[in-house]
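Worksheet: the structure to be examined is printed underneath.
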Amino acid sequence: MLTPEPNSIPTVLSDAIHTAPTKTFVETQPSSLPYLFSPSCPQVARQFGYFATKSAPVFAWQHFSCATITRKTIVILCYPMGYEYTHSHRSFQHWADQLAAIGCLVIRFDYSSTGDSPGRELPDDLLPIWLANITAIAEQARTAYPEHQLCLAGLRFGATLAYLAAQTLQADHLIVWEPIVQGRRYLRELQALAKFGVDSEETDADYTEFAGFLMSHATAKTLKTINLMDVPLLPSTRVLCIYREDGNHNNDFTNQLQVQGIQVEIQCQPGYEDMLAVPHQTLVPHQAIAATATWLAQGTRCFSESSQPLPMLSEINLENEIQEQGIWYDAIGTAATSTATTVQNDSLQHRLFAILTRPKTVNTKHPLVILLNSGAVHHVGPNRVYTHVARTIAEAGLLCVRLDIEGLGDSFKPDLIRENHPFQTTTQANLATAMDYLKHCRLAQDFIVGGICSGAHAAFHGGLSLGAPVIREVMLINPLVFYWQDGMTLDIPGDIQIAQDSKYYSSSMRDPKKWLKFLTGKASTASIVKFIKDRFVERARVILKHLRESVLNEHSPLSADLLRITHANIPISLLISASDPGLELVKSQARRTLKKGQSSGIIRVKTFAGANHTFSRLQHRNDLMAYMHKKFSDEYQ
Amino acid sequence: MYASTIRDILTKHARLPHDVNTLTLTDDLYDNGLTSLSTVNIMLAIEDAFDIEFPDTKLNRKTFSSIESLVETVTELLNR
């Protein structure tokens with residue numbers, strides 16, 4: 001193992017290389033962690049780490065003002081759950097920044113068994129654990145700052161948890177945004193979502209899957225019993241209820257609060273649906289966020305002091321002796337010892353964030369696996385797949401980093417207009433920066449790059465632009481586009497739509513119900529005719545391409561680029577869900593290259609039966625993990 | 001009779017790439033871009049608008065597959 005240069009490597013990383021991996025959590029003072037300055041609030045710094053809680057540590061961010069302003073108020077933001085967590089992640093960053101900008105110390109965190117925090121979604125009842133998470137963080141905050149006020153704030157089910165915790169913690173302020181008042185009704189919503197899924201099926205499993213997220217029956221049972229109408233708050237708690245401008249909210253809940261003598265303000269604010277749109281379409285509800293900041297400012301006093309973040313753990317131990325920590329991957333050459341009081345806007349301005357998962361023993365001769373953002377979802381990946389993949393790879397003995405590319409997840413881009421775009425222009429530069437940093441830390445010399453969907457696009461181009469020897473393998477999971485260009489739609493491209501339609505219609509041919517629909521005139525004849533026409537044109541185009549490839553040795557851009565990668569002796573793994581068109585896409589543009597590559601073993605294709613584009617079902621995620629574990633164990637042990 | 005209200009709800013919550021008013025009563029909403037997430041919002045909006053609750057047996061893609069099917073279901077639930 002190589003020796004790092006002690007002055008240029010964050011302590012936590014050099015410790016990891018030199019010390020036994022079985023140590024307990026490393027307590028690191030905030031002064032040793034670098035900061036990120038918010039793009040929208042330049043005086044607000046962000047810092048990541050882990051808070052110890054009763055069950056296990058939870059991954060968290062603290063947002064605080066570097067100006068000499070404090071309201072002596074700690075805000076704990078409570079995420080919603082399931083897909084609403086993934087979709088609102090971006091808005092929560094902005095929300096935390098805005099509340100920090102008025103002088104609050106703001107904490108947002110992933111509940112146990114969600115996001116980047118340790119734990120599995122099944123089979124425990126997670127609700128008491130999540131409430132204990134909030135309580136543990138609040139208690140640490142009160143211990144550090146006994147004179148500070150406590151504000152709990154949450155969205156949807158996060159608002160429900162905030163409310164429940166506010167009751168026991170006797171919070172001073174509470175912001176509930178579209179709260180779930182009755183657990184029973186919310187559970188019905190989730191169950192409906194599970195049934196509306198395209199691959200919905202009845203099972204006798206002891207959990208429910210909704211839009212890729214899991215809920216144990218134990219959690220569902222507790223959820224069903226929640227009714228905020230039965231839970232009184234202390235009259236001293238100020239409450240702000242935010243409802244969607246376009247929705248019909250039920251006044252019973254707020255009336256009940258008022259009957260209890262609680263000072264409650266009700267506001268209807270725009271932006272709710274856009275905040276929870278699919279990740280690449282989300283819009284931050286700035287007006288609503290500003291309203292919460294104004295309300296909180298009205299109920300707190302301003303002091304001329306600077307805010308200091310709470311101490312956090314910098315890394316954690318997970319199951320099977322693997323460890324995890326956040327990193328700034330643009331941190332080469334910056335000192336990691338500046339204190340909050342010395343932080344200036346022109347120093348330590350890290351922008352690029354990632355999570356490193358490390359096996360028990362690090363072998364720097366092994367490549368390090370880099371996972372690139374899938375769509376506009378932050379580094380946990382769709383349905384938390386990347387978190388599981390990273391930990392599985394570490395269990396198999398390799399280091400894994402799940403990156404946030406500039407403008408995505410917790411990495412930010414000065415140009416806010418392009419924030420949250422799945423295809424960032426800086427992707428390859430960011431990837432190269434990450435590799436430089438990881439090499440600088442002596443964690444690896446070469447890399448396997450991979451990702452799902454747009455992550456596969458980034459990995460493919462990483463293989464092309466960075467090449468051998470730095471790239472050891474390219475792992476493309478469900479690619480949909482190989483050549484993204486500005487101006488292209490983020491909806492499914494036309495040729496892929498045809499491939500998807502082909503799969504749909506070929507399965508429909510075997511379905512008697514679809515025939516009945518067709519024969520009774522209920523099927524859309526126009527759609528079928530359009531499909532046949534498009535399919536015919538596409539087939540003719542593909543045949544022409546094959547002829548050129550085999551007779552004239554003429555290559556399509558994809559065929560030529562696959563050859564460029566494989567001629568550099570970089571293997572390509574194509575991991576394709578059976579219902580996804582990725583393989584069809586490669587076959588249509590580079591059939592001969594694919595065939596030859598498969599024969600020589602440099603291109604490997606693995607198809608996952610029954611899986612969809614984002615591996616949204618547990619069984620298929622487990623299949624992917626089993627494949628990853630076997631692949632990396634076999635190849636590197 | 002209820003088609004107009006349902007079209008309004010679809011316009012507001014379905015997030016379809018096309019104008020809802022160009023869809024016929026029998027057009028397949030899922031073929032026209034309706035997602036499972038939007039279906040839940042539509043379900044809640046219809047329940048609020050008509051003061052009904054979809055029973056478990058109606059919570060499936062078939063119920064929400066077309067305006068016609070939604071009108072039939074709402075009519076059935078209101079006549080119970």
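When a 1.4 Å probe is rolled over the protein heavy atoms, the share of accessible surface on region A:553-637 that falls to carbon and sulfur comes to 50 percent.
Here the relative contact order of region B:3-78, from alpha carbon pairs under 8 Å that lie six or more residues apart, stands at 38 percent. Pairs of C-alpha atoms in region A:375-468 farther apart than 19 Å represent 42 percent of all such pairs. At 0.36 nm per residue, minus the direct Cα-Cα distance, what do A:Asp206 and A:Ala67 gain on full extension? Give it in nm, one decimal, please. Extra length available between A:Asp206 and A:Ala67 comes to 45.0 nm.
Simple point charges give the picture: +1 on the Cβ of Lys and Arg, -1 on the Cβ of Asp and Glu, and for region B:3-78 a dipole about the Cα centre of about 220 debye. Interface burial in region A:272-301, defined as at least 50 Å² less accessible area with all protein chains than with the chain alone at a 1.4 Å probe, covers A:Glu273. Separation of region A:396-414 from region A:239-278 is 35 Å, based on Cα centroids. Considering only B:Phe64, B:Phe54, B:Ala3, and ranking their Cα positions along the charge dipole of region B:3-78 that arises from unit charges at the beta-carbon of Lys, Arg, Asp and Glu, the one farthest toward the positive end is B:Phe64. Only aspartates and glutamates eight or more places from A:Lys595 in sequence, or on another chain, were considered; those with a Cα closer than 20 Å are A:Glu473, A:Glu549, A:Glu554, A:Asp561, A:Asp580, A:Glu584. Remark: accessible surface ordering of A:His378, A:His629 (largest first) is A:His629, A:His378, probe radius 1.4 Å. Over 25 Å apart at the Cα level, from the set A:Lys360/A:Lys413; A:Lys224/B:Lys12; A:Lys195/A:Lys606; A:Lys221/B:Lys58, are A:Lys360/A:Lys413; A:Lys224/B:Lys12; A:Lys195/A:Lys606. Summed over both chains, the area buried between A and B is near 2000 Å², taken from the accessible surface of protein heavy atoms with a 1.4 Å probe.
Shielding value for A:186-192 is 4, the average number of Cβ atoms from other chains within 10 Å of each residue's Cβ.
Averaging the sequence gap over all C-alpha pairs within less than 8 Å and six or more residues apart, then dividing by the number of residues, gives region A:150-226 a relative contact order of 26 percent.
Considering only B:Thr57, B:Thr11, B:Thr39, the mean-square fluctuation computed in a Gaussian network model of chain B, springs between alpha carbons under 10 angstrom, is largest for B:Thr57. The listed residues A:Glu406, A:Glu635, once ranked by accessible area (1.4 Å probe) with the largest placed first, stand as A:Glu635, A:Glu406. Distance between the C-alpha centres of region A:430-475 and region B:6-46: 41 Å, rounded to the whole angstrom. Within the assembled protein chains, the solvent-accessible surface assigned to A:Trp295 is about 10 Å², based on a 1.4 Å probe. Which three semi-axes in whole Å describe the equivalent ellipsoid of region B:3-78, each the square root of 5 times a Cα gyration tensor eigenvalue, listed largest first? Calculated on Cα positions only, the semi-axes equal 18, 12, 12 Å. Listed by number, the DSSP H helices of chain B that run 20 Å or longer by alpha-carbon position along their axis and have mean Kyte hydropathy of at least 0.5 are B:36-50.
From the Cα gyration tensor of region A:72-151, with a ≥ b ≥ c the square roots of its eigenvalues, which class applies: rounded if a/c is under 1.5, or else prolate if a/b is larger than b/c, or else oblate? Cα axes put region A:72-151 in the oblate bin.
In chain B, the calculated helix contribution to ellipticity at 222 nm averages -15000 deg cm²/dmol per residue, counting -39,500 (n - 2.57) for every DSSP H run with n ≥ 4. A 1.4 Å probe run over the protein chains yields, for region B:3-78, 45 Å² of accessible area per residue, whole-number rounding. Rolling a 1.4 angstrom probe over region B:3-78 with all protein chains present gives an accessible area of which 46% lies on carbon and sulfur atoms.
For region A:131-233, GluC sites (Glu not before Pro) meeting the loop criterion (DSSP other than H, G, I, E, B) and having at most 11 other Cβ atoms within 10 Å: A:Glu147, A:Glu201, A:Glu202.
Exposure check, 1.4 Å probe, all protein chains in place: A:Ile602 carries approximately 30 Å² of accessible surface.
The values are calculated or read from the model by the stated rules, or taken from the named source; none is laboratory data. Values in this document were obtained by computation on a predicted structure and should not be read as measured data. Neighbour counts are summed over all protein chains in view; Cβ atoms, including those assigned to glycine, are modelled from backbone coordinates with ideal geometry. Accessible surface areas use protein heavy atoms only, side chains included; no ligands, DNA or RNA. Shrake-Rupley method; radii C 1.70, N 1.55, O 1.52, S 1.80 Å.
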